[in-house]
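First comes the structure, then the notes that go with it.
The values are calculated or read from the model by the stated rules, or taken from the named source; none is laboratory data. From a predicted model like this one, the values you see are computed outputs, not experimental measurements. For neighbour counting, all protein chains shown are included, and Cβ atoms are generated from backbone atoms with ideal geometry for every residue, glycine included.
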Amino acid sequence: MSGRRPAWQRPGYLFKRAVLMEWRGYKSIWRQLARRPRVPAGMRAHDYHRAIAPMLTVFLLVCAIEVVVVDIMVHRWPAVRLPLLLLGIWTVAMMAGQLCGVLSRPHAVGDDGIRVRYGPEIDVPLSWATIDSVELRSRTRRDKEPALTTAEGRTTYHLRVADQTNLDITLEEPTTIRLPHGTERVDVIAVYADDPKAFLADVRRVAGAPESRQGVVNPALVKSSPTYTSGISRLRASAYEKQSP
């Protein structure tokens, strides 16, 4: 079930989203300059910026050079120069915020589960109690394939980076996640990590889950095994206790 906003709410939502994006961009710049990535305590970061950081850096440099060139061209006309200079500086700040957003907000894996992220706008917390398996699986966007797809009765949310994902996080049951446009119920979240094998290794290490086959870690197998009681079993029990009233 989709939780998309009705049409009459969208203008106000878009304005609010634009303001929040700008504010979060400035916060991201500060975090990057201060070397304080947004990683929850006890969790390990996993970057996803390798495929897009060079492109964003080039755009940022082009914008910065353009500000200087335009300012030199129009410096004789203050009435034109000042608005263009402010607009140029604002554009550079927005590009820097976008770049710093993906640099300072990585995915994270830890005792509480997995945090799936993309910049300051997308942050999906997944507890171990909701995760069935994590699998190495490369996907490339075909044509104009949307972010949400449904096949064989399962809905997949593709959180692509440069039109690619390389990990599938399969959930125990359809789960509602919050996205910029609203809420969606999904069965699988496909994400991209710069080092997917390290991501999978962290899942195995933290959850204590076995590898059912090459490239697939199944936390859910632990709870079905009467002889395997460490790792994810305790994490799941803790998660359920936190959720209980």
>> Test of understanding: among 137, 204, 178, which residue is over 27 Å from residue 14 (Cα atoms), assigned by TED's automatic domain parsing to the domain that holds residue 114 and either assigned to a strand (DSSP E or B) or among the acidic types (Asp, Glu) (or both)?
In response: 137
> Is segment 208-227 home to any residue that is at pLDDT 90 or above and part of a strand (DSSP E or B)?
Replying inline: no
>> For residue 52, only one of the following conditions fails: (1) out of contact with any helix residue (DSSP H, G or I) (no Cβ under 8 Å at 6 or more places or on another chain); (2) β-branched (Val, Ile, Thr); (3) touching a residue at least 12 places away in the same chain (Cβ under 8 Å). What is its number?
In response: (1)
> Based on what the data block shows, is residue 183 within 21 Å of the chain's Cα centre (by Cα), assigned to a strand (DSSP E or B) and modelled with pLDDT under 90?
Replying inline: yes
>> Going residue by residue through segment 109-116, is there one that turns out to be in a loop (DSSP other than H, G, I, E, B), out of contact with any Pro (no Cβ under 6 Å at 6 or more places or on another chain) and under 19 Å from residue 37 (Cα atoms)?
In response: yes
>> Against the conditions (1) assigned to a loop (DSSP other than H, G, I, E, B); (2) in contact with a Lys or Arg (Cβ under 8 Å, 6 or more places away or on another chain), where does residue 168 fall short? Just the number, please.
In response: (1)
>> What pairs come out if I take residues in segment 144-162 that are over 22 Å from residue 102 (Cβ atoms) and pair them with residues that are not in a strand (DSSP E or B) whose C-beta lies under 8 Å away, six or more apart or interchain?
In response: none
>> Among the residues in segment 63-78, are any under 22 Å from the mean Cα position of the chain (by Cα) and either in contact (Cβ under 8 Å) with a residue 60 or more places away in the chain or exposed (fewer than 14 other Cβ atoms within 10 Å of the Cβ) (or both)?
In response: no
>> So, residue 88, is that one in contact with a helix residue (DSSP H, G or I) (Cβ under 8 Å, 6 or more places away or on another chain), surrounded by 13 or more Cβ atoms within 10 Å (Cβ to Cβ) and within 23 Å of residue 166 (Cβ to Cβ) or not?
In response: no
> Residues of segment 82-104 being in contact with a Gly (Cβ under 6 Å, 6 or more places away or on another chain) and over 15 Å from residue 59 (Cβ atoms), which ones?
Replying inline: none
